[in-house]
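Inspection log for the structure reproduced underneath, given as structure tokens.
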Amino acid sequence: MTKTNDIDFSLILHPHGWSTAWFYINGKRFEFTTTHAFGEPYFDFIKSLSQLINKQMESTFFWYSEPGGNKIEIKRIKDRQHILNVKIAEFNNSFGEQLKEFEEILEFEIKEKHLITVAYYQLKKIETLLQDKSFALYRSNNFPFQDFMLFENKVTTYLKFI
């Protein structure tokens with residue numbers, strides 16, 4: 001497990017229902033691709049982050065690819081509640097199959113405020129870019145605008161009080 005504050009995150013919404021997420025940890029890049037064909041990965045991400053803001057102890061969501069995907073688990077560290085343990089595991093099952101085997105590919109700790117901040121600004125970047133008609137072409141159906149607005153209100157309040 002990596003313990004560092006040298007962590008960044010980038011999120012790209014591609015045309016035609018695909019997204020890529022990159023984690024940069026200690027100068028190493030980890031890439032995860034997800035499809036929007038089998039669900040709403042941004043909604044799942046926003047929901048998980050909102051649960052953390054609401055002080056839930058853990059949150060898990062799945063990002064599917066074709067085939068396979070990733071299971072993302074975020075848990076609070078019991079004796080350091082402001083620190084989160086993030087585990088990303090890979091699975092090879094196709095959508096709809098029972099998920100049985102996971103191979104952990106990344107684990108790190110990050111301050112809750114750090115994760116919420118970088119995630120929010122990546123989602124905000126996408127929401128802003130989608131206001132451009134040419135960027136929005138083949139992309140706008142893959143972003144949960146209403147859910148993001150509620151999340152943005154929650155984050156604004158959260159960041160003021162932390």
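Each value in this text was obtained by applying a stated rule to the coordinates, not by laboratory testing. The shown structure was predicted, so the numbers you read here are calculated from the model rather than taken from an experiment. Using ideal geometry, Cβ is built from the backbone for each residue, glycine included, and neighbour counts are taken over all protein chains shown.
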Problem - Overall dimensions of the chain by Cα: Rg and Dmax, Å - result: 15.5, 48
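On full extension of the chain, what length is gained from residue 100 through residue 156, given 0.36 nm per residue of separation minus the C-alpha to C-alpha distance? Before the final figure, lay out the partial values.
Numbers: separation 56, 0.36 × 56 = 20.16 nm, distance 3.80 nm.
So the chain would gain 16.4 nm between residue 100 and residue 156.
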Practice task
With a ≥ b ≥ c taken as the square roots of the eigenvalues of the C-alpha gyration tensor of the range 71-162, please select rounded if a/c is under 1.5 and otherwise prolate if a/b is larger than b/c or oblate if it is not?
Solution key: oblate
Exercise for the section: Can you tell me which of 89-101, 70-82 comes out highest on packing, and rank the rest after it, using the mean Cβ neighbours within 10 Å? Expected result: 70-82, 89-101
Fill in the blank from the handout: Residues whose modelled amide H sits under 5 Å from the amide H of residue 18, counting only those 5 or more places away in sequence or on another chain, are 36
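With respect to the cross-link table entries 87/124; 3/154; 100/160; 28/100, which display a Cα-Cα separation exceeding 32 Å?
Details: 87/124 24 Å; 3/154 28 Å; 100/160 41 Å; 28/100 29 Å.
Correct reply: 100/160.
Once the Cβ-Cβ distance between residue 129 and residue 78 is put in as r, and R0 is 41 Å, what FRET efficiency do you end up with, to the nearest 0.05?
Details: r = 39 Å, r/R0 = 0.94.
It comes to 0.60.
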